[in-house]
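The values are calculated or read from the model by the stated rules, or taken from the named source; none is laboratory data. These numbers were taken from a predicted model, which means no experiment stands behind them. Note that each Cβ is placed from the backbone with ideal geometry, even for glycine, and that neighbours are counted across all protein chains shown. We work out accessible area using only protein heavy atoms, side chains counted, and drop any ligands, DNA or RNA first. Shrake-Rupley method; radii C 1.70, N 1.55, O 1.52, S 1.80 Å.
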Amino acid sequence: MLMRTDPFRELDRLTQQLLGTSGTWSRPQAMPMDAYREGEHYVIALDLPGVIPDAIDIDVERNMLTVKAERRPVAKADDVQMELSERPLGVFSRQLMLADTLDTEHIEADYDAGVLTLRIPIAERAKPRKIAITSTGDRRQISG
């Protein structure tokens, strides 16, 4: 049997259940994320521990990136009696408006150790470039 050392944790869990704060498809919970630039890519890392890859949905429409995932209950045998259930279940979602400077046609997604990592290349048109200067010569006309 597990012993609880924090009496307020149970109160928090009960409050979540009563208020219905577990995620549903119509009202999903937000998922924690980090976003940063790494070289020529913009990287987004989303925490989704306990979610199987088949339960993750990633969509891009124009510049709107939507990630939805569902953490489902683990199937239990008939003789299993739950002692403690603190891991949140339900639907998690995050929507991000991506800048025009990102190449949404070439997004790569990787899921490892409960972290979904999206790598979005910086668009070629957004990268700094040198402008060559050409000499047009002397534009004076000489009449003879």
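Below, the figures for the structure above:
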{"item": "At R0 = 35 Å, FRET efficiency that the Cβ-Cβ distance of residue 76 and residue 108 yields, to 0.05", "result": "0.45"}
{"item": "Rg/Rg_ref, the range 56-139, where Rg_ref = 2.2 N^0.38 Å and atoms are Cα", "result": "1.98"}
{"item": "Rounded accessible area of residue 68 (nearest 10 Å², 1.4 Å probe)", "result": "50 Å²"}
{"item": "Residue 124 accessible area, 1.4 Å probe, all protein chains in place, Å² to nearest 10", "result": "130 Å²"}
{"item": "Rounded to the nearest 10 Å², the accessible area of residue 115 at probe 1.4 Å", "result": "40 Å²"}
{"item": "Largest to smallest accessible area among 103, 54 [probe 1.4 Å]", "result": "54, 103"}
{"item": "Accessible-area ranking of 71, 129, 37, largest first, probe 1.4 Å", "result": "129, 37, 71"}
